[in-house]
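Just so it is clear, none of the values below were taken in a lab; they were calculated from the coordinates. Worth saying up front: this structure is predicted, and the values here are computed from it rather than measured. Methodologically, a virtual Cβ is constructed for each residue, glycine included, from the backbone with ideal geometry; neighbour enumeration extends over all protein chains shown.
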Amino acid sequence: MTALNLLYSNDRPGQHAPSYYAASVQPLQEFYSLDGDTACDVCVIGAGFTGLSAALHLAESGLDVVVVDAHRAGWGASGRNGGQIGSGQRLGQGELERMAGKNAARQLWQISQDGKDLLKSLIKRHKIDCDLKPGNFHVLHRERFAAETKAYVDKLNTEYDYGHVRFVERDECREMVGSEDYHGGALDMDGGHLHPLNYARGLAGAAAKAGARLYEMTEVRSYAAGSPCQVVTAKGKVQADFVILACNGYLGELSSEVAARVMPINNYIIATEPLGDDMARQLIRDDVAVSDSRFVVNYYRLSADKRMLFGGRENYSYSFPRDINGFVAKAMLEIYPQLKDARIEYGWGGTLAITMNRMPHLARLAPNVLSASGYSGHGVVMATMGGKLLADAVSSTSAGFDVMESIPTRRFPGGAMLRWPALVLAMTWYSLRDRL
Ligand SMILES: Cc1cc2nc3c(=O)[nH]c(=O)nc-3n(C[C@H](O)[C@H](O)[C@H](O)COP(=O)(O)OP(=O)(O)OC[C@H]3O[C@@H](n4cnc5c(N)ncnc54)[C@H](O)[C@@H]3O)c2cc1C
């Protein structure tokens, strides 16, 4: 089965997804495409959080960095996601302890904490105007999940010395999130939310200011490892001592080794019209980001101008549904029937990437070729951090990169070619379970 090329199948070349974010983005600095040949110390392929963070850190360390993106900086998942800043890894600490042992689990927790600090300090240091707000609330759609969540909060408070999270009982939860659907949750005030496209474009500006050379509308067709590596673009070549693959869900066939372990999957978001302060407060009283306990997660938050930005639903085809608004509104109205008359002004999709164990896949594909992807829906923090770990691994040895690389990422059954039918079966089963 040959997959569609996700770089082009659902989007227009060089244009950001038709999202609320694109409609409210800060004035954009545009970068030329690469027409001809060039040479550099490090060539970064992909200008999302991973590639931009890597480029920024490498350029700050004095290296000559070229970043190429087939579309625009922030065009991929980084510029169109839910903007939710979560703590920890995509897997809980208990699962990580069972998977990798207590010591590694603790290191993985610390890497994610460092990632959150990094994100906040980058925003501050580079004065990135991206509506950063505190608070991330994980809410439970089944009462039976409450005991387990309380125990997890307790574990973080005591064993991980993490005091920012508390369990919220059902009544308070329903005051905070104006929906009958939930039975309590875990509120993490060190998490939060932001405008992801403004954050991504801010990182791009900071990387350029630090000396990185960015080229947009520059698709990489292939690369060859070596000394130096050769990166072949649509209209030229880049000769580089190091190559970083930062393509995530849009990697396609650039690396079959990564593609066998990292699977693209589409997800969708809608934005209502501005709802006004009163309605906004009724829906999410304290303006925190919310995500729920369903396998196909509903995640939502208010925009700076008080729209409901609601994400959820997945379809198991590479093509976006024709009617994204109707498709996602169904999930939103199950949570918030009071929004039945709210106009939906934007609806868009994006491609993220998952791994078998839902942990990012960081790999050294050759001594001078590194890759990071597969953040499994948890990339606002971890892709920013992943980029820094890649930069560290280029400049010197990196304990953080080594820890992440040591977590085994299994190949999807059937590898890159056959993984999709297996995923469809598995996901259909899990999404059915959400209703039980
Ligand atoms: C709808 C949606 C909602 C999400 N919500 C959240 C959330 O709320 N919180 C969270 O933490 N995470 C969320 N995620 C996940 C998060 O957005 C990603 O993990 C993160 O943005 C990955 O960043 P990245 O830089 O690795 O990849 P991307 O941002 O996808 O960037 C990859 C870039 O590589 C470029 N590229 C690919 N191939 C080539 C090539 N051959 N040549 C040149 N360029 C190439 C692409 O053009 C693209 O710009 C969501 C994702 C989606 C799609």
The set of residues whose placed amide H lies less than 5 Å from the amide H of Arg213, leaving out same-chain residues fewer than 5 positions away, is Val65, Val66, Val67
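Counting other C-beta atoms within 10 Å, and keeping those with at most 13, which DSSP coil chymotrypsin sites (Phe, Trp or Tyr not before Pro) do you find in segment 253-353? Provide the component values of the computation, followed by the final result.
On the way: sites: Tyr268, Phe295, Tyr299, Tyr300, Phe310, Tyr316, Tyr318, Phe327, Tyr346, Trp348; in loops: Phe295, Tyr316, Tyr318.
Passing both the DSSP loop test and the Cβ count: Phe295.
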Non-local residues with an amide H under 5 Å from the amide H of Lys237, with H modelled 1.01 Å from N and Pro and chain starts lacking one, are Gly36, Asp37, Thr38
Could you go through segment 172-187 in sequence order and give the Karplus-derived ³J(HN,Hα) for each residue, using 6.51 cos²θ - 1.76 cosθ + 1.60 with θ = phi - 60°, rounded to whole Hz, and x for Gly and Pro?
5, 4, 6, 6, 7, 10, x, 9, 7, 6, 10, 10, x, x, 10, 9
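If you add up the charges near Glu30, with Lys and Arg at +1 and Asp and Glu at -1, over every other residue whose beta carbon is less than 11 angstrom from its beta carbon, what do you get? Show your work: numbers first, answer last.
Details: positive: Arg72, Arg201; negative: Glu216.
Local charge sum for Glu30: +1.
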In sequence order, calculated HN-Hα J values of segment 151-168 (Karplus, 6.51, -1.76, 1.60; Hz; x Gly/Pro)
5, 5, 4, 4, 4, 5, 4, 9, 6, 9, 6, 10, x, 7, 10, 9, 7, 10
I want to verify a result. In a Gaussian network model of the chain, Cα cutoff 10 Å, which of these has the top mean-square fluctuation: Asp161, Asp287, Asp114?
Asp161
Please give the calculated 222 nm ellipticity per residue for the chain, where each DSSP H segment of at least 4 residues contributes -39500 (n - 2.57) and the sum is spread over every residue; nearest 500 deg cm²/dmol?
-10500 deg cm²/dmol
Cα→Cβ-extended label distance, 7 Å offset, between Asp277 and Arg125, nm:
3.7 nm
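Take the cross-link list Lys124/Lys306; Lys116/Lys388; Lys133/Lys306; Lys120/Lys150; Lys133/Lys340; Lys133/Lys209 and give me the ones stretching past 19 Å between alpha-carbons. Intermediate results must be reported in sequence, preceding the final value.
Details: Lys124/Lys306 23 Å; Lys116/Lys388 12 Å; Lys133/Lys306 13 Å; Lys120/Lys150 28 Å; Lys133/Lys340 27 Å; Lys133/Lys209 26 Å.
Exceeds cut-off: Lys124/Lys306; Lys120/Lys150; Lys133/Lys340; Lys133/Lys209.
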Under 13 Å, Cβ to Cβ, from Phe167 - net charge with Lys/Arg +1 and Asp/Glu -1
-2
So what is the relative contact order for the chain, in percent, with contacts set as C-alpha pairs under 8 Å and at least six apart?
24 percent
Just to check I understand the Karplus step: with θ = phi - 60° and J = 6.51 cos²θ - 1.76 cosθ + 1.60, what whole-Hz values come out for segment 349-356, glycine and proline as x?
x, x, 10, 10, 9, 10, 10, 4
Skipping prolines and chain starts, which residues have an amide H placed within reach, meaning under 5 Å, of the one on Gly377, given they are 5 or more residues away or on another chain?
Ala353
Which one of Met99, Gly83, His57 has its Cα pushed farthest toward the positive end of the charge dipole of segment 51-187, where Lys and Arg give +1 and Asp and Glu give -1 at the Cβ?
His57
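Which chymotrypsin sites (Phe, Trp or Tyr not before Pro) in segment 1-89 pass both tests, a DSSP loop state and at most 14 other beta-carbon atoms within 10 Å?
Numbers: sites: Tyr8, Tyr20, Tyr21, Phe31, Tyr32, Phe49, Trp75; in loops: Tyr8, Phe31, Tyr32, Trp75.
Taking segment 1-89 and a limit of 14 other Cβ atoms within 10 Å, the loop chymotrypsin sites (Phe, Trp or Tyr not before Pro) found are Tyr8, Tyr32.
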Measuring from centroid to centroid over Cα atoms, what is the spacing of segment 216-283 and segment 48-99 in Å?
10 Å
